[in-house]
Amino acid sequence: MKNPFELLDKILAHSVRLQIMSVLVANDSYDFNSLKEIIGVTDGNLATHIKALEREKYISVFKSFVDRKPNTKYKATDRGRLVFKKHLDGLEQLIKQQRK
Amino acid sequence: MQETQDYEKDLASIRSMMERSVKFVSLSGLSGIISGMYALGGSLIVYFILYDPNSLFNFRFYYEDENSAVSKLLLVAIVVLGLSLGSGYFLSLKKAKKLGVSIWNPASKQLFIDLLIPLLSGGLLIVILIVQGYYGIAAPSCLVFYGLALVQGSRSTFKEVRYLGLIEIGLGLICATFPGYGLVFWATGFGLMHIVYGAVMYFRYER
């Protein structure tokens, strides 16, 4: 069997980034404020981690205006979904292995 | 190196994030009970308009002399709907505050759209048919379309909503085979079932 550690993703090792990806994989898109609320982090903290995910092209950013207020939405990219799924598989296998 | 516990914590947080981000959890069970009571009250008023002094369970023809009653019935229906939506919104707002989330989030927007499409198309169809004189269509179609809306909407909220939807569809179909007994089925579907649903939800999640 493949080494499960190879499936794990370094970027997703951080819990906030893992949570952001979980929300974006489960939903078509999510906006900044809703992400902030559901994960329960500060503006700056969330923005930092979003930038990291964006840099890796795990998520894409859509900027628009709603009632003249900026409204930024995020979507998981195909690459992001693939990495997320692999990471999940890795976690699963590690738990199985260590239980034996 | 991470321990198993950490991996399990990661998996648990993924599951909770996925669930919480797609589900509208502020939907109040108490509001189900209250709207059920409004519906029963409305049914009682309709009974006095239509059936009195005959028994509710006697067969009645729905063809004759309806025009005078239709506007009254419509008024009752709108008042019941307005009161139900109003208290549903108010109680869900309260629950959302308690849970520390906002009521207007992506999950509730999805729920709103999912409910609106079947309800609006069903509602318009029923109004069109009533205008053409098909009064008997109203009760079964209300139940069926409402049930379809709930089944559709249940993916963005509690899974119990799906069962409520299926029951409403079933009631609507049975109702369609018993012309003249619309009010009984309507009161069961919108009154009794909402109270049962609301009570189940209240005891399961809100206590």
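The values are calculated or read from the model by the stated rules, or taken from the named source; none is laboratory data. Being a predicted model, the structure only gives us computed values, none of them experimental. Here the Cβ is made from the backbone with ideal geometry for all residues, glycine too, and neighbour counts use every protein chain on show. Accessible surface is based on the protein model in full, side chains and every heavy atom, while ligands, DNA and RNA are left aside. Shrake-Rupley method; radii C 1.70, N 1.55, O 1.52, S 1.80 Å.
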### Summary
Taking a crude spin-label model, label points 7 Å out from Cα along the C-beta direction, the B:LYS109 to B:LEU93 distance in nm is 2.0 nm
### Query
Per 5 Å bin from zero, what fraction in whole % of the C-alpha pairs of chain B is there, up to the bin with the longest pair?
1, 7, 13, 19, 18, 13, 10, 7, 5, 3, 2, 1, 1, 1, 0, 0, 0
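When ranked by the protection proxy of mean other Cβ atoms within 10 Å per residue, highest first, what sequence do the peptides B:88-95, A:20-27 form? Let's see the in-between values first.
Working: B:88-95: 16.6, A:20-27: 23.2.
By packing density, highest mean first, the sequence is A:20-27, B:88-95.
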## Note on the structure
For B:162-175, A:67-80, ranked highest to lowest by mean beta-carbon neighbours within 10 Å, the order is B:162-175, A:67-80
### Task
State in Å² the accessible area per residue of the protein assembly as shown; use a 1.4 Å probe, count heavy atoms of protein chains only, and round to the nearest integer.
58 Å²
### Query
What do you get for Rg/Rh of the protein assembly as shown when both radii come from the Cα atoms and Rh is the Kirkwood radius?
1.11
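Mind putting a number on the dipole of the protein assembly as shown about its Cα centre? Charges go on the C-beta only, +1 for Lys and Arg and -1 for Asp and Glu, and I need it in Debye to the nearest 20.
Values: 35 positive and 25 negative charges, 249 e Å.
Value, rounded to 20: 1200 debye.
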### Modelled label reach - B:VAL196, point 7 Å along Cα→Cβ, region B:157-178 residues with backbone N closer than 15 Å
B:160-175
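Set the Förster distance to 22 Å, then compute FRET efficiency between A:THR48 and B:GLN5 from the Cβ-Cβ distance, nearest 0.05.
Numbers: r = 26 Å, r/R0 = 1.20.
FRET efficiency, A:THR48 to B:GLN5: 0.25.
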#### Entry: Ellipticity estimate at 222 nm from DSSP helix runs (n ≥ 4, -39,500 (n - 2.57)) divided over chain B, nearest 500
-24500 deg cm²/dmol
### Query
In region A:56-100, what residues drop by 30 Å² or more in accessible surface going from the chain by itself to the full protein assembly, probe 1.4 Å?
A:LEU88, A:LEU91, A:ILE95, A:GLN98
### Query
Among B:TYR51, B:LEU148, A:ALA76, whose Cα sits farthest toward the positive end of the charge dipole of the protein assembly as shown (+1 at Cβ of Lys/Arg, -1 at Cβ of Asp/Glu, about the Cα centre)?
A:ALA76
### Query
How big is the accessible area of B:PHE112 in square angstrom, nearest 10, if you roll a 1.4 angstrom probe over the protein chains?
110 Å²
## Note on the structure
Relative to chain A, whose Cα atoms define the longest principal axis, helix A:78-99 and its Cα axis are tilted in degrees, nearest 10, by 40 degrees
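Provide a whole-number value for the mean count of partner chain Cβ atoms within 10 Å of the Cβ atoms in peptide B:12-21. Write out the running numbers ahead of the final one.
Details: counts 0, 6, 13, 2, 3, 12, 8, 2, 5, 12.
The mean count of partner-chain Cβ atoms within 10 Å per residue comes to 6.
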#### Entry: Separation in nanometres of the label points that stand 7 Å from Cα toward Cβ, at A:THR77 and A:LYS63
1.8 nm
### Task
Answer with one residue from A:GLY44, A:ASN3, A:GLN98: the one whose Cα lies farthest towards the positive end of the charge dipole of chain A, charges on Cβ with Lys, Arg +1 and Asp, Glu -1.
A:ASN3
### Query
Which whole-angstrom value gives the distance between the alpha carbon centres of region A:4-34 and region B:153-178?
35 Å
### Query
Taking the Cα centre of region B:26-206 as origin and charging only Cβ (+1 Lys, Arg; -1 Asp, Glu), how large is the dipole, in debye to the nearest 20?
840 debye
### Query
How large, in percent, is the carbon and sulfur part of the accessible surface of the protein assembly as shown at a probe radius of 1.4 Å?
63 percent
### Space enclosed by the convex hull of the alpha-carbon atoms of region A:4-99, per residue, Å³
99 Å³
### Query
In degrees between 0 and 90, to the nearest 10, how far off the longest principal axis of chain A does helix A:15-26 point, with axes built from Cα atoms?
80 degrees
### Task
For region B:153-207, report the convex hull volume of the alpha-carbon atoms normalised per residue, in Å³, without decimals.
64 Å³
### Query
With a 1.4 Å probe, how much accessible area is buried between chains B and A, both sides summed, in Å² to the nearest hundred?
1900 Å²
### Length released on extending from B:ILE174 to B:ALA12, taking residue separation times 0.36 nm less the Cα-Cα span
54.0 nm
### Query
Helix B:138-153 versus the longest principal axis of chain B: what is the Cα-based angle in degrees, 0 to 90, to the nearest 10?
10 degrees
